[in-house]
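S.K.: I have a structure here, written as structure tokens, and I will follow up with some questions on it.
Laboratory data are not the source of any read-out in this text; all were calculated from the coordinates shown. Because the structure is a prediction, the values reported are computed rather than measured. Positions of Cβ are backbone-derived with ideal geometry, glycine not excepted, and every protein chain shown enters the neighbour counts.
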Ligand SMILES: N[C@@H](CCC(=O)N[C@@H](CS)C(=O)NCC(=O)O)C(=O)O
């Protein structure tokens, strides 16, 4: 049984991979090798991203793919920037009691479920951060990065800036760092290598295989703690692999629902503050139309027959699991799975689908509880004027 300790990772896993795997330049270099996405304003990539590695978890997943793909190790100088790229924050969240010493910039689409998840995490830990809203059509604000998706977190480190990628990996890296301050953030990142592999459909893909694992440095968790951590990991993965796929078919179910959704995106994302009118119109009308079409494909791909029912089923599954543990899956306090599920669901909070979800399932109580809890640790939101 794999124990997620720094030591084990360092002494066993990393060396054993060294001959075989790559710290992928795709994710970690600042030069792009990713194919350009054909449709921009979309959750499609999100779905694709989280499908990667479906069915596998942590080390098991890693091991399986190590056997399949033997690519050489590339540079460890991953996504490290000597200088801060030009960026224009839309707002800052400042928490006076933040003692993390982190200086974070989150590049996001306001209502991307993965970005919502990262914000939910940062807020739950009372961390201060700056927000850069990325235009989903032109993506000007992340041109400096080789990674073409959001969220991207840039964090100040001793000699420059470290790029953190993938919502679940971002959360695990930061949580590992915050739990044990004896390691530098740059060193923690090295325990989350991105690996290229061929998935079960025969496609070349990239993922951070241990992204749901929180590393333990000195203290090895006992059996009970390990079981709790495993449950937390499984539900975090469920949020990415199951829950997230129910969203698009719901919020873009009809043309009018899709348009209403994008109008809410525009409002809550402060698009009018950040982008010119023509770009907002393109994002709202073009995005709604594109997503309405794409959502039908996604519905098929994920074997969803009734969109609303799939959302209700997911909510019921989650609520049943929470009930066994108390107020939250983490018991009295939310754990990372609570935060992740909340983050994903909060991305549709202004949509009709969310109202229907609350009216037709029992998830509302848990949702309001965690929202209030997280709001209690969130810093002050301060607009940044150009
Ligand atoms: N596995 C990634 C998925 C990120 C992702 O797919 N983000 C979407 C937005 S929701 C994206 O940026 N897609 C590319 C695009 O918009 O062109 C994560 O968890 O962060």
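S.K.: Out of all the residues in segment 124-143, which are assigned to a strand (DSSP E or B) and closer than 18 Å to residue 280 by Cα?
M.R.: If the condition is that a residue be assigned to a strand (DSSP E or B) and closer than 18 Å to residue 280 by Cα, then 132, 133 are the ones that fit.
S.K.: Let me ask another. With respect to the numbered conditions (1) more than 28 Å from residue 308 (Cα to Cα); (2) without any contact (Cβ under 8 Å) to a residue 40 or more places away in the chain, which one is the sole condition not fulfilled by residue 208?
M.R.: Among (1) more than 28 Å from residue 308 (Cα to Cα); (2) without any contact (Cβ under 8 Å) to a residue 40 or more places away in the chain, the lone unmet condition for residue 208 is (2).
S.K.: Okay, next question. Restricting to segment 144-172, name every residue that is within 13 Å of the ligand (Cβ to nearest atom) and not in a helix (DSSP H, G or I).
M.R.: If the condition is that a residue be within 13 Å of the ligand (Cβ to nearest atom) and not in a helix (DSSP H, G or I), then 145, 147, 148, 149, 150, 151, 152, 153, 163, 164, 165, 166 are the ones that fit.
S.K.: Taking segment 83-104 on its own, how many of its residues are in a strand (DSSP E or B) and either surrounded by fewer than 20 Cβ atoms within 10 Å (Cβ to Cβ) or more than 21 Å from the chain's Cα centre (by Cα) (or both)?
M.R.: The total comes to 3.
S.K.: Let me ask another. For residue 197, are the conditions met, namely being within 14 Å of the chain's Cα centre (by Cα), outside any helix (DSSP H, G or I) and within 16 Å of the ligand (Cβ to nearest atom)?
M.R.: It is false that residue 197 is within 14 Å of the chain's Cα centre (by Cα), outside any helix (DSSP H, G or I) and within 16 Å of the ligand (Cβ to nearest atom).
S.K.: Where residues in segment 106-122 are in a loop (DSSP other than H, G, I, E, B) and near the ligand (Cβ under 9 Å from one of its atoms), which of them is surrounded by the most Cβ atoms within 10 Å (Cβ to Cβ)?
M.R.: Filtering segment 106-122 for residues that are in a loop (DSSP other than H, G, I, E, B) and near the ligand (Cβ under 9 Å from one of its atoms), the one surrounded by the most Cβ atoms within 10 Å (Cβ to Cβ) comes out as 109.
S.K.: Sort through 256, 340 and tell me the only one that's surrounded by fewer than 18 Cβ atoms within 10 Å (Cβ to Cβ) and in a helix (DSSP H, G or I).
M.R.: Being surrounded by fewer than 18 Cβ atoms within 10 Å (Cβ to Cβ) and in a helix (DSSP H, G or I) holds for just one of 256, 340, which is 256.
S.K.: Taking residue 225 as meeting all but one of (1) more than 15 Å from the ligand (Cβ to nearest atom); (2) farther than 24 Å from residue 351 by Cα; (3) touching a strand residue (DSSP E or B) at 6+ places or on another chain (Cβ under 8 Å), write down the number of the exception.
M.R.: Condition not satisfied by residue 225: (3).
S.K.: Go through (1) assigned to a helix (DSSP H, G or I); (2) surrounded by 22 or more Cβ atoms within 10 Å (Cβ to Cβ) and name the single condition residue 192 misses.
M.R.: Single failed check for residue 192: (1).
S.K.: Ok, one more. Looking only at residues in segment 286-309 that are part of a loop (DSSP other than H, G, I, E, B) and free of Cβ contacts under 8 Å to residues at least 24 places away in the same chain, which one is surrounded by the most Cβ atoms within 10 Å (Cβ to Cβ)?
M.R.: It comes out as 306.
S.K.: With the structure loaded, tell me whether residue 322 is within 19 Å of residue 371 (Cβ to Cβ), out of contact with any strand residue (DSSP E or B) (no Cβ under 9 Å at 6 or more places or on another chain), in contact (Cβ under 8 Å) with a residue 24 or more places away in the chain and buried (at least 18 other Cβ atoms within 10 Å of the Cβ) or whether it fails that test.
M.R.: no
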